[in-house]
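Chemist: Below are the structure tokens for one structure; questions will follow.
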Amino acid sequence: MIESLYTPLALLIFPGGLFALALGLVLKGLDRRLAARLQRRVGPPLAQPVYDLVKLAQKRTMVPDIACQPVFLGAPLVGVVSMALAVALVPIPGVYTPDVVLGDLLVLLYLLTVPAVVLMIAGSASGSPFGAIGFSREMAMMLAYEGPLVLVVASVALRTGLGQGGLVSFSLSEIIAYQQAHGAFLFDPVMWPALLAFLAFYPANLGIIPFDIPEAETEVLEGPLLEYSGPALGLFKIMSALKAVVVLGLGVALFFPLAPDGMAGLLIQIVKLVVLMLLGVTLLRVSLGRMRIDQAFRFFLKWPLALSVLSLAIVTIA
Amino acid sequence: MNLKQMISAQARRMAARSPWIYRINAGSCNGCDVECATTALIPRYDVERLGCQYCGSPRHADIVLVTGPLTARVKESVLRVYAEVPDPKVTVAVGVCPISGGIFRDGYAVLAPLSKYIPVDVNVPGCAPRPQAIIEGIAQAIEIWRGRL
């Protein structure tokens, strides 16, 4: 009985679902608060993302005449469901190991691409020209950052696999077990190029300022989200909060999963996510301006891609 | 008061802390827009404390700030953009122009007052109004908006 309840509970309440949503909203709230403090103002209350969601739930959803209604309203649902599944796949070291029935690292990689695809579909289904611009920019960004991500994950998997005497290991629990036995990849010079590439990847995936080109408010008026209002827009906000938890959690699992068991492990995981969010997202977003799409594309094909290829090469040799 | 009413009252209270602002320029001379965009809503006065957020799309908006005397040229566009703001919404007319036309009031292309075409909830007179006045107008609009949720 308990065994059969474990996976649904994981999806709906503890690491996934409600817990992850609360954690994601707190991360967003902290991000906005620290950004305000860095600009020397008071800033919104910590619960501001929750207020926004409650507000959006009470507004009306309007569908443009020229939009394809089923796709327009279905896209945010698909996005939220994909991220809710993905959250249940991210392990919390010492606390939660995902059931292999759900899938592992490769499934997680595929699920991580869904939000970007959903935004593209939403933008093109809305029938707005800004949505179409957002679509093409989102696609260019995705082409730019997915390559480095796959190579980073491959080099982590290769390092773990070779260390265990096999070839590659696409199992998050093995990657974590290996690092707990041999030290975190964060302190392993061989893995530093991969770490740097990942540090460039996750702001782009979360769509924050130097890389928020598809949703740039001042030029394409939030692009794919332009035509959304009310609860449908709220679903996109939920999707992006969950995505923050997934991407940062993946980063912790790949590079620094050392943690004690039980409650302390959970607290340490939360602290790690907050640190990653504040250092990698907030500081970046208040200190840089937005890149143009060609600059961002060139940047990703130059540095993170080169670093991740380099890391794959030195992992193979080492 | 039963549970359902309590929940909906609480939800209204929370929602009133997240008013998103959208600006419509109805043929303004840009003076009020400068006051809105670069003076009243910058970090120095920090309307984000009230939960306000500037949004690029009328579909995300709750409070609409309208500047300018509503010229004949932009009338159709203004009405169309205004209709795209989902209910419940509140309109704030910023500057003296939407009230009377201001210095443009006798112009052949000026259709002021704005309230002939759009229901205006709060007037913030001034040419251009001070940032404190605009923030006061937004605060009053939030009060009105709370009643409409």
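Chemist: Using Cα springs under 10 Å in a Gaussian network model of chain B, which residue among B:GLY137, B:GLY56, B:GLY68 shows the largest mean-square fluctuation?
Modeler: The residue with the greatest mean-square fluctuation here is B:GLY56.
Chemist: Take chain A, connect every pair of alpha-carbon atoms lying under 10 Å apart with a spring to form a Gaussian network, then pick out the residue of A:LEU27, A:LEU12, A:LEU225 with the largest mean-square fluctuation.
Modeler: Of A:LEU27, A:LEU12, A:LEU225, the most mobile in the Gaussian network model is A:LEU12.
Chemist: Nearest 10 degrees, 0 to 90: what angle lies between the long axis of helix A:2-12 and the longest principal axis of chain A (Cα atoms)?
Modeler: 50
Chemist: Next up: Just for the range B:17-148, what percent of DSSP beta bridges are antiparallel, to the closest 5? Before the final figure, lay out each step's value.
Modeler: On the way: 1 of 16 bridges.
Of those bridges, close to 5 percent are antiparallel.
Chemist: Another question about this same structure. Determine the relative contact order of the range A:2-317: mean sequence separation of Cα pairs under 8 Å and six or more apart, normalised by residue count, in whole percent. Before the final figure, lay out the partial values.
Modeler: Numbers: 490 pairs, mean separation 90.3, N = 316.
Over the range A:2-317, the number comes to 29 percent.
Chemist: Oh, and also: If the limit is 24 Å between Cα atoms, which of A:LYS55/B:LYS75; A:LYS28/A:LYS272; A:LYS237/B:LYS4; A:LYS243/B:LYS4; A:LYS237/B:LYS75; B:LYS89/B:LYS116 go over it? Could you put the intermediate results ahead of the total?
Modeler: On the way: A:LYS55/B:LYS75 30 Å; A:LYS28/A:LYS272 15 Å; A:LYS237/B:LYS4 26 Å; A:LYS243/B:LYS4 32 Å; A:LYS237/B:LYS75 33 Å; B:LYS89/B:LYS116 18 Å.
The pairs that break the limit, which is 24 Å between Cα atoms, are A:LYS55/B:LYS75; A:LYS237/B:LYS4; A:LYS243/B:LYS4; A:LYS237/B:LYS75.
Chemist: After finding the eigenvalues of the alpha carbon gyration tensor for the range A:157-242, what semi-axes result from the square roots of 5 times each, listed largest first in whole Å?
Modeler: Output for the range A:157-242: semi-axes of 38, 16, 10 Å.
Chemist: Place a +1 charge on the Cβ of each Lys and Arg in the range B:17-148 and a -1 charge on the Cβ of each Asp and Glu, then give the dipole magnitude about the Cα centre in debye, rounded to the nearest 20.
Modeler: On the way: 14 positive and 12 negative charges, 26 e Å.
It comes to approximately 120 debye.
Chemist: Angle, helix B:3-15 long axis vs. longest principal axis of chain B, Cα atoms, 0 to 90°, nearest 10?
Modeler: 40
Chemist: Quick one: helix A:192-206 against the long Cα principal axis of chain A, what's the angle to the nearest 10°, folded into 0 to 90?
Modeler: Taking Cα atoms only, the helix is inclined about 20 degrees.
Chemist: Taking chain B on its own, what percent of its Cα-Cα pair distances exceed 22 Å? Kindly include the intermediate steps, with their values, before the conclusion.
Modeler: Numbers: 4188 of 11026 pairs.
Tail of the P(r) past 22 Å holds 38 percent of the pairs.
Chemist: Take every Cα-Cα distance within the range A:246-318, group them into 10 Å bins from 0 onward, and report for each bin the whole-number percent of pairs it holds.
Modeler: 16, 30, 35, 17, 2
Chemist: Still on this model: So for the protein assembly as shown: antiparallel DSSP bridges make up what percent, rounded to the nearest 5? Intermediate values should be presented prior to the final figure.
Modeler: On the way: 2 of 17 bridges.
Taking every DSSP beta bridge with both residues in the protein assembly as shown, the antiparallel ones total about 10 percent.
Chemist: Let me ask something additional. Starting from the range B:58-149, pick out the chymotrypsin sites (Phe, Trp or Tyr not before Pro) whose DSSP state is loop and whose Cβ has at most 10 other Cβ atoms within 10 Å.
Modeler: On the way: sites: B:TYR82, B:PHE104, B:TYR108, B:TYR117, B:TRP145; in loops: B:TYR108, B:TYR117.
When the chymotrypsin sites (Phe, Trp or Tyr not before Pro) of the range B:58-149 are filtered for loop state and at most 10 Cβ neighbours within 10 Å, B:TYR108 remain.
Chemist: With the Cα gyration tensor of the range A:192-318 giving a ≥ b ≥ c as the square roots of its eigenvalues, does the rule (a/c under 1.5 for rounded; else a/b larger than b/c for prolate; else oblate) give rounded, prolate or oblate? Spell out each step's value before the answer.
Modeler: On the way: a/c = 2.37, a/b = 1.20, b/c = 1.97.
In terms of gyration-tensor shape, oblate.
Chemist: Please compute, for the alpha-carbon atoms of the protein assembly as shown, the extent along each of the three principal axes and give them in descending order in Å.
Modeler: Principal-axis extents of the Cα atoms in the protein assembly as shown, largest first: 86, 56, 44 Å.
Chemist: Report relative contact order for chain B in percent, whole number only (criteria: Cα-Cα under 8 Å, sequence separation at least 6). Intermediate results must be reported in sequence, preceding the final value.
Modeler: Numbers: 270 pairs, mean separation 39.2, N = 149.
Worked out over chain B, it gives 26 percent.
Chemist: To the nearest 0.05, how large is the calculated FRET efficiency for B:GLU136 and A:VAL42 if R₀ is 22 Å and r is the Cβ-Cβ distance? All intermediate terms of the calculation are to be shown ahead of the outcome.
Modeler: Values: r = 18 Å, r/R0 = 0.81.
After rounding, the FRET efficiency stands at 0.80.
Chemist: Taking only DSSP H segments of four or more residues, each worth -39500 (n - 2.57), what value at 222 nm results for chain A once the sum is divided by all its residues, to the nearest 500 deg cm²/dmol?
Modeler: -23500 deg cm²/dmol
Chemist: Please average, across the residues of A:126-133, the number of beta carbons from any other chain that are within 10 Å of each residue's own beta carbon, and give a whole number.
Modeler: Average per residue, whole number: 1.
Values in this text are rule-based calculations from the coordinates and carry no lab data. In this text the structure is predicted, and so the values were computed from the model without any measurement. Please note: Cβ atoms are built from the backbone with ideal geometry, for glycine as well, and neighbour counts cover all protein chains shown.
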